[in-house]
Structure formats: C-alpha cells, structure tokens
Protein chains: 2
Amino acid sequence: MTLPTLLVLDAEPLPRLGRLTGRARIEHTDEATLAAKLPYADVLLVWDFTSHAVRDAWPGEGPRPRWVHTASAGVDHLMCPELAASDTTVTNARGIFDEPIAEYVAALVLAMAKELPHTLELQGQRTWQHRETRRLKGTRACVVGSGPIGRAIVRTLKALGVICALVGRVPRTGIHGPSDLDRLISRADWVIAAAPLTEQTYGMFDARRFGVMQPSARFINVGRGPLVVEEALVEALTKRWIAGAALDVFAHEPLGPDSPLWELPGLIVSPHMSGDTVGWRDELGAQFVELYERWEAGRALPNVVDKQRGYVPGR
Amino acid sequence: MTLPTLLVLDAEPLPRLGRLTGRARIEHTDEATLAAKLPYADVLLVWDFTSHAVRDAWPGEGPRPRWVHTASAGVDHLMCPELAASDTTVTNARGIFDEPIAEYVAALVLAMAKELPHTLELQGQRTWQHRETRRLKGTRACVVGSGPIGRAIVRTLKALGVICALVGRVPRTGIHGPSDLDRLISRADWVIAAAPLTEQTYGMFDARRFGVMQPSARFINVGRGPLVVEEALVEALTKRWIAGAALDVFAHEPLGPDSPLWELPGLIVSPHMSGDTVGWRDELGAQFVELYERWEAGRALPNVVDKQRGYVPGR
C-alpha cells in the first residue's frame, strides 16, 4: 500500500507530526520548491501561514493535492481562482484562536477605557497625574465578523457588561446583516473588526466608515490588515474623527520601521499576536494530526472552507 | 427649629449639595480651620478624602459631630482612638467604587497576561517582535479583602474564566480566613490586595509573603499603600521573586519623583485612580445627600463603619 504524501510548507518551529510516522510520507518544502513538489502531494499542510506562495505555485488543472490545510483561521493568503475552482478540499484552524483573541480584545478595550497607555507614558516621566477614566460596563460594541472569533469576542465583552451587536455577511438570529453596519458603528463606543478577508470585506473600514463613527469611538482590528484603508485610519486619528485605535494586523506585515502607524496619536500597534498564546503551535499541530486521522479513515472533515466565500460557513 | 450644621472638609471640585438648601447650615473648612469648627458641627463630610487632618483635629471628649461621612471606601485616614471611642457614627462611600475598581483590576490583569506594556515599549522603538502571551482563562487569582470591592473583583475575574479565591478577616462560606493566605498565594498567578488598612493588614505583603509567591506570579495593590512593605516589593521585583506588579496606591501619595518605584522592572505605577471613573464625584455627592436625608429623618444609616475594625462589616 502506498502511503499518502504529506507536503509541509515549513516554518520554524516545525510541527510535531510524530503520530503520523508510518502513516504518511512526510516531505518538507520551502516557498522555492513548493511548485515542483505540489503535483506529487496528496495533502498540503500550510504550516507557514504567512506565506502567499501557494497562490503562485498552485498547479491549476494538473495533478494536485486532494486536501489543503492551513494552520490559521484566515485563508486569504492561499486562495486563488484555480484552487477555488478545483475539487481540492481546504480546511482551516477554526477553534484554536477564538478565546485567545477574545481575551486580547478585552485587554485592548479595557486598556483604552482605563487609559493604560497614557498611565505608562506618565510613569516613564515620573509624573503623578490623577485622571478620571471610563466605565466599561454599559458601553456599546459593534463586532464585525460573525464567525467563532467574533462570537467569542461578544461572549467575553458581554461578560464585562458591554452591550454588543454582531455583524455578519447574512442577517440571522442574533446577527445583523451588512445593511445595519453604518447605524451600529455610528453609536458604538468600540468597533471591532474580526472578519475574514474577502472581496466583500476588503477595505470596508474606509474614510466614510471612520467618518460615521463617534468622536469618542475606538476601533480595533484583529482580523486582517486589508479590512482597513490604512491611510483613512491615519486621517481619522490625526483629525480626531475617532478617539483611538488598536491594530494587530496590517496591509503589509511585518510593519516596516518607516510606517507612520508606529507613532500615530492614540494608536496601539501589536505584531499580529492576538491569538498566539503559549502552546498555540502545539495546538495547531495536534489539530492537524486529528484532521489527518479523519481524512485517512475516509471520514468527513470539519472546518471545511467555502472556497467561494473564503471562510468556513457558520451553522 | 435650628438647622443642623454640616461642616465640609473641602477639596476641589466642591460637592453638589444644592438639594440640602434650607435643610442644613453648610459650612466649609480647610485643614487649618477644621479644629476650630469641628465642635460646632453636627455632621462632618470628609470630602477631601486625602486629608489626615481629622485625626489631629478631633475634639476628643469635647463637643463633636454626631456623624462623620467620608467620600471614600477606606477610613484609615480619619480613624483615631478618640473617634473610635466616641459615640459618633462614621459612614463611608461603600458601593461607589466596587465595579470601577474591579474593571481596573481586570484591565491590569489582562494587560500583564498579554504583555501590553512590552508591546507599547516595542512600538515606541518601531520594532515588530512577535511573542506568545498567556491565556487568562484557567489561571488562579487570590483576592485579599472580602468587602464589596474584593467581591466585585472576584465576580469580574470569574467572568473572564479566572479561578478565584477570596480571603477575609474571618472565614465564612466562600471566603477563606487568614490562615489559608500563604497556601493560596503560593499557587496564585495573580495576588490582588483590596483590603482596608487596619492593624491586621498593615505591612501584610512583606518579604516573606513575596517569597512564598511563584516566580510567575504578579501582584496588584488597589487597597491602601501601607498594606505593602514597599522595600520588600522592590527586592522581590529586582531579584525576580515574582514576575511583575501593579500599584495604584502607595505608602506616600503622591509618589515623589525620586521614588525607585517609577522605574522598577515589571512594575506598573498608577496615581490612585482605580475607582475614579467619569462622574465619580457626582456619585459620591449624591450618595452623601441620600444618607443625609435618612439621617435627617431619623432613619438608620447604611455603610456604618465598625470603628474598632476600621471598615463596614460584611453581611
């Protein structure tokens, strides 16, 4: 019996795939050799979820993996029309990042409500300056993105007394549709982007949307950088259309040292780490092994991405 | 009918006492004239809760107010043996600060779990440096002080998935006694001081207690500065006995520019503001007016301090 070939697009540290010994022929690849190796792989594990190489290397009509798994929630870095049109199954790391990202968003929201960055700045100047800060309870959040991450954010903020509205692609029970978005962000204290990057969401936070928000509003992006028109956010913060923002994701990552975003007033910049809590890589590896065992047994896979929409559709 | 004399130990901004017009003869005082005015007052409102002048000015056996209210949760700044021995009723601002302080503690705990101070430091250096941070859910907190503030902290942290133990002066259902303290702090990720300052709590966080904590533990004080032996905390942080700390209160406030605490590694310093959210002074004023109306009607006052213990006893 021929073992399936499992191709791993590597990143350090490597995934722990010891449990697959004798059950897969594991081959490693970097971006340079990906195109040459893809036609001979049965399964592709996109362990380097920062790479966009799959798009360029995808063999189109030729021989290709039957299954692609990415160790990330977003699939924007690998989707291309040829992959979307193919019969290859794409799965993602749904579930791993939900609660960590929700905690991270709660940390940002509370830090902004309690003015922690200003406190740390004053501490650096050895200056005692008492200020009044905001109650979080009773404020309003609009969370954009109704997948498991957005829903976990809502659960966590609700536990802190925040009044939450959730916006998704299609309205359904407890979830607003896109037509409610402007109304909801116009009265929100917190606008939180946790949507996948798709044609519909690309650039959705633009000058008009920042203009709709309250001067006291704060904007947080833990989704994907291109959800935001960065120039518009720079203007919104510079002109005080909104009171503050926090970005964990950017149009170009890593953010270059010359970016104006590093020093923008009221902006917290973090290096795409909102979901990455100690042990996260082990969890991603273990999740893939579990999926591999199902695939090997011919069972249906969970976390299957709708390749037209660009995310795993909700239940 | 003679109106009761209400003496207000002033601080800016003054309390809004318009509702008491025609119902009290309101006199204002500063620290210098307090002793001269106290014997003629029926009620003393300690609006300047940072002042220790009541202790020195208290008339002992002489004529004195029948009721003293302080616009603070702690009463350590005004209690003295003569006041404790007198038949004067002392009330405090119980209830105003509970939830704001709990939110503030949640902000500190999440900021430390997610390493927000380090992120801001790296941002200032325009440096992109991905790190793994900690999950908050499933960590353990030991909250010291079982009054309404400590209980609000426990409620808020529990809502974030933290496993909480509460320590009070006397063990009762759901509350540990002091004999459990060392065991609880030895396994806590978060040790949070929210106790009143009394003879029993003075200096309770000393070198031995910091030595008992885990190297990964973080300590937060939102109670009163003298709960902590500051030199011992300096040593504990410098020698990495514990991983970090946040102090909102200090032995001497405001903290002088020469204090070593400003630049201690892993320490967040804030200027006694944890409970002070927008509108807090109005709430304190409204609470006093409500108490005054009860007192005027001869009804029992809530928030009566046990002057021997130094706080309002729990139910």
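The values are calculated or read from the model by the stated rules, or taken from the named source; none is laboratory data. It should be emphasised that the depicted structure is a prediction, and the values quoted were computed from it without experimental measurement. Backbone-built Cβ (ideal geometry, glycine too); neighbour counts: all protein chains shown.
Key figures for this structure:
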read-out	value
Tally, over segment B:1-37, of residues that are more than 18 Å from B:Ala71 (Cα to Cα) and exposed (fewer than 14 other Cβ atoms within 10 Å of the Cβ)	7
Hey, A:Arg135 touching an Asp or Glu at 6+ places or on another chain (Cβ under 8 Å), surrounded by fewer than 19 Cβ atoms within 10 Å (Cβ to Cβ), under 24 Å from A:Arg187 (Cα atoms) and facing chain B (nearest Cβ under 7 Å) or not	yes
Qualifying residue in segment B:140-151 (condition: within 14 Å of chain A (Cβ to nearest Cβ) and under 25 Å from A:Glu99 (Cα atoms))	no
Where B:Arg135 falls short, out of the listed (1) part of a loop (DSSP other than H, G, I, E, B); (2) among the charged types (D, E, K, R); (3) farther than 30 Å from A:Arg281 by Cα	(3)
Among (1) within 18 Å of B:Leu181 (Cα to Cα); (2) in a loop (DSSP other than H, G, I, E, B) - the single one B:Arg151 does not satisfy	(2)
Failed item, numbered, when A:His69 is tested on (1) touching a strand residue (DSSP E or B) at 6+ places or on another chain (Cβ under 7 Å); (2) more than 24 Å from A:Glu283 (Cα to Cα)	(2)
Cβ pairs under 8 Å, 6+ apart, first in segment A:156-183 and within 14 Å of chain B (Cβ to nearest Cβ) and under 25 Å from A:Gly211 (Cβ atoms), second of a type in the set (Gly, Ala, Ser) and surrounded by fewer than 20 Cβ atoms within 10 Å (Cβ to Cβ)	A:Val162/A:Gly138
Failed condition for B:Ala297, given (1) away from every other protein chain (no Cβ under 11 Å); (2) within 15 Å of B:Ile96 (Cα to Cα)	(2)
Criterion violated by B:Lys239 - all others in (1) closer than 24 Å to B:Val305 by Cα; (2) free of Cβ contacts under 8 Å to residues at least 60 places away in the same chain satisfied	(1)
Some residue of segment A:81-92 being small (Gly, Ala, Ser), closer than 16 Å to A:Trp47 by Cβ and more than 14 Å from chain B (Cβ to nearest Cβ)	no
Residue check, A:Ala102 within 18 Å of the chain's Cα centre (by Cα) and within 14 Å of chain B (Cβ to nearest Cβ)	yes
Residue within segment A:264-281 that is away from every other protein chain (no Cβ under 14 Å) and over 19 Å from the mean Cα position of the chain (by Cα) present	no
Any hit, segment B:236-249, residues being aromatic (Phe, Trp, Tyr) and out of contact with any Lys or Arg (no Cβ under 6 Å at 6 or more places or on another chain)	yes
Scope segment A:48-77; condition of a type in the set (Phe, Trp, Tyr) and crowded, with 22+ Cβ neighbours inside 10 Å; matching residues	A:Trp58
Filtered residues of segment A:144-165 (kept if over 15 Å from A:Ala193 (Cα atoms), crowded, with 19+ Cβ neighbours inside 10 Å and out of contact with any helix residue (DSSP H, G or I) (no Cβ under 7 Å at 6 or more places or on another chain))	A:Val162
Segment B:111-123, residues that are within 8 Å of chain A (Cβ to nearest Cβ) and more than 30 Å from B:Pro171 (Cβ to Cβ)	B:Ala111, B:Lys114, B:Leu116, B:Pro117, B:Thr119, B:Leu120, B:Leu122, B:Gln123
Filter result for the condition that a residue is buried (at least 18 other Cβ atoms within 10 Å of the Cβ), hydrophobic (A, V, I, L, M, F, W, C) and in contact (Cβ under 8 Å) with a residue 60 or more places away in the chain, over A:Ala93, A:Ala141	A:Ala93
Check on A:Glu290, out of contact with any Pro (no Cβ under 8 Å at 6 or more places or on another chain) and within 14 Å of another protein chain (Cβ to nearest Cβ)	no
Members of segment A:115-130 found to be buried (at least 19 other Cβ atoms within 10 Å of the Cβ), in contact with a helix residue (DSSP H, G or I) (Cβ under 9 Å, 6 or more places away or on another chain) and not hydrophobic (A, V, I, L, M, F, W, C), listed by number	A:Pro117, A:Gln123
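Residues checked against (1) in the same structural domain as A:Ala111 (by TED's automatic domain parsing); (2) touching a residue at least 60 places away in the same chain (Cβ under 8 Å); (3) of a type outside the set (Val, Ile, Thr):
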{"position": "A:Met213", "(1), (2), (3)": "yes, no, yes"}
{"position": "A:Asn221", "(1), (2), (3)": "yes, no, yes"}
{"position": "A:Val229", "(1), (2), (3)": "yes, no, no"}
{"position": "A:Ser259", "(1), (2), (3)": "yes, no, yes"}
{"position": "A:Leu284", "(1), (2), (3)": "no, yes, yes"}
{"position": "A:Phe288", "(1), (2), (3)": "no, yes, yes"}
{"position": "A:Leu291", "(1), (2), (3)": "no, yes, yes"}
